[in-house]
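The values are calculated or read from the model by the stated rules, or taken from the named source; none is laboratory data. Just so you know, these numbers come straight off a predicted model, no measurement behind them. Quick reminder, even Gly has a Cβ in these numbers, built from the backbone with ideal geometry, and neighbours come from all protein chains shown.
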Amino acid sequence: MFLEKPLSEEINYSDLQTMLKGLLSGHRDFLINSSQLTAFLFDQLPNLNWAGFYWMRDQQLLLGQFQGKPACVEIPIGKGVCGTCAETRQIQMIEDVHAFPGHIACDAASNSELVVPVIVDDQLLGVLDLDSPNIGRFNQQDAEGIAGLLDIYLQATQVDQIKSIALN
Ligand code: SME
């Protein structure tokens, strides 16, 4: 079912969209689809060492479904790359995390990072975070591609389940 892992510059996000739609077609359950999305990204995208969600709960970001090493559990809004994404609601594409003031180092192997906000009906529900051991791993194509895959996940998932855990 899945393709060989491509080189960074050869990622075909259109193919990944088709594959993800198929993968998420059977269920609308939040736990199933969130777990599948993070596993899909981690498996299909080259040069990642972490891929996962942080959900807005109790006015902070709390760790959700992920692939990679165990990670920081709580991230305050406005702190680190994820907290900055949550505060600004803007995609954060960080070429070198060591040059980002306040970067939260969960895994010493991470050198670049892409964080996309999860927004439904103008409500911030969380963030989707990707880490890479390569400096400058992410480009504009990745930012748009990951945002597109996140959109497919949201369309395929019972969003009320996410809202019921996102207490912002
Ligand atoms: N580096 C992130 C923390 C989360 S981990 O990378 C999984 C940050 O600065 O917010």
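Figures for the structure shown
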quantity	calculated
Where R57 falls short, out of the listed (1) surrounded by 17 or more Cβ atoms within 10 Å (Cβ to Cβ); (2) within 24 Å of P133 (Cβ to Cβ); (3) of a type in the set (D, E, K, R)	(2)
Filtered residues of the stretch 83-95 (kept if assigned to a strand (DSSP E or B) and either at positive phi or in contact with an Asp or Glu (Cβ under 6 Å, 6 or more places away or on another chain) (or both))	I94
Hey, G136 at pLDDT below 95, at positive phi, part of a loop (DSSP other than H, G, I, E, B) and surrounded by fewer than 21 Cβ atoms within 10 Å (Cβ to Cβ) or not	no
Residue that is farthest from the ligand (Cβ to nearest atom), among those in the stretch 84-113 that are under 20 Å from Q141 (Cβ atoms) and polar (S, T, N, Q)	Q90
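This table checks each residue for (1) of a type in the set (V, I, T); (2) more than 16 Å from the ligand (Cβ to nearest atom); (3) assigned to a helix (DSSP H, G or I).
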site	(1), (2), (3)
K21	no, yes, yes
G26	no, yes, no
L31	no, yes, yes
L37	no, no, yes
F42	no, no, yes
A51	no, no, no
F66	no, no, no
P70	no, no, no
V81	yes, no, yes
